[in-house]
Amino acid sequence: MNSPICTTAFWHFSCDLYALSGVQDALLCAQNQDAKNVNILLLLRYLETLHLQLEQQQLDTLKQCAQEFDRLLLAPHRVIRAHFKADYSFHPAYSTVRESLLNSELHLEKLQQTLLIQQLEQIKLQTNPMANNLALYTDSLTLIALLRQS
């Protein structure tokens, strides 16, 4: 790879971007309605800020990595969290358990980001000051513009 990409910097970038007005809702909509992976969207934008361009085959490798992790860990965890939220709000420990479930999901998201960065370390990225990685993954111009507002 051309330059090292720091997992910590990527996590902080992701948290900062996610916190911007409208971004969380747009990313969750892309995840739930368009089956897009939030961490991939964030990574693609992060790479753009570093002026690093992916090719479609490289993106496909990242998508495969994320899909496997989603299937095995994140999706089942989200089902548990949703079921708990819907069916156990009456329980005295509801707030504590819900917070624990949310925190564990965040840890899984962070782990997925680490796995994606490890996958990137195997890829030779091209420098491009006009990097346009998001367009490889989504055709939503609204989402792309929102993610690029930072």
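The values are calculated or read from the model by the stated rules, or taken from the named source; none is laboratory data. Computed from a prediction, not measured in an experiment: that's the story for all the values here. Note that each Cβ is placed from the backbone with ideal geometry, even for glycine, and that neighbours are counted across all protein chains shown. Protein only, heavy atoms only, side chains kept; ligands, DNA and RNA dropped before computing areas. Shrake-Rupley method; radii C 1.70, N 1.55, O 1.52, S 1.80 Å.
What is the one condition in (1) over 18 Å from the mean Cα position of the chain (by Cα); (2) surrounded by 13 or more Cβ atoms within 10 Å (Cβ to Cβ); (3) not basic (K, R) that P129 does not satisfy?
Tallying (1) over 18 Å from the mean Cα position of the chain (by Cα); (2) surrounded by 13 or more Cβ atoms within 10 Å (Cβ to Cβ); (3) not basic (K, R), P129 fails exactly one: (2).
Checking H51 against (1) in contact with a Pro (Cβ under 9 Å, 6 or more places away or on another chain); (2) modelled with pLDDT under 95, which test does it fail?
(2)
Name the single residue, out of those in region 127-150 being among the hydroxyl-bearing types (S, T, Y) and in a helix (DSSP H, G or I), that is farthest from L41 (Cα to Cα).
That would be T142.
Kindly indicate whether any position in region 22-32 is farther than 16 Å from E121 by Cβ and modelled with pLDDT under 95.
yes
Looking at this structure, is T96 surrounded by 13 or more Cβ atoms within 10 Å (Cβ to Cβ), assigned to a helix (DSSP H, G or I) and at pLDDT 95 or above?
No; evaluated as a whole, the condition is false for this residue.
Answer with yes or no whether Q53 is open to solvent by 20 Å² or more (accessible area, probe 1.4 Å) and either touching a His at 6+ places or on another chain (Cβ under 6 Å) or farther than 12 Å from L136 by Cα (or both).
no
Pairs under 9 Å by beta carbon, first residue touching a residue at least 40 places away in the same chain (Cβ under 8 Å) and open to solvent by 80 Å² or more (accessible area, probe 1.4 Å) in region 134-150, partner among the hydroxyl-bearing types (S, T, Y) and not in a helix (DSSP H, G or I), six or more apart or different chains?
Listed pairs, sorted by first residue: Q149/S21.
Considering every residue within region 100-114, establish whether at least one is open to solvent by 50 Å² or more (accessible area, probe 1.4 Å), touching a residue at least 60 places away in the same chain (Cβ under 8 Å) and either under 15 Å from the mean Cα position of the chain (by Cα) or over 23 Å from T49 (Cα atoms) (or both).
For region 100-114, residues open to solvent by 50 Å² or more (accessible area, probe 1.4 Å), touching a residue at least 60 places away in the same chain (Cβ under 8 Å) and either under 15 Å from the mean Cα position of the chain (by Cα) or over 23 Å from T49 (Cα atoms) (or both): present.
Could you tell me whether any residue of region 117-126 is open to solvent by 70 Å² or more (accessible area, probe 1.4 Å), out of contact with any Asp or Glu (no Cβ under 6 Å at 6 or more places or on another chain), in a helix (DSSP H, G or I) and closer than 17 Å to A9 by Cα?
So far as region 117-126 goes, yes, one or more of its residues are open to solvent by 70 Å² or more (accessible area, probe 1.4 Å), out of contact with any Asp or Glu (no Cβ under 6 Å at 6 or more places or on another chain), in a helix (DSSP H, G or I) and closer than 17 Å to A9 by Cα.
Given D70, D34, which one is open to solvent by 80 Å² or more (accessible area, probe 1.4 Å) and either of a type in the set (G, A, S) or closer than 20 Å to Y18 by Cα (or both)?
D34
State all residues of region 5-31 that are free of Cβ contacts under 8 Å to residues at least 12 places away in the same chain and open to solvent by 90 Å² or more (accessible area, probe 1.4 Å); if no residue qualifies, say none.
Matches in region 5-31: H12, S21, D25.
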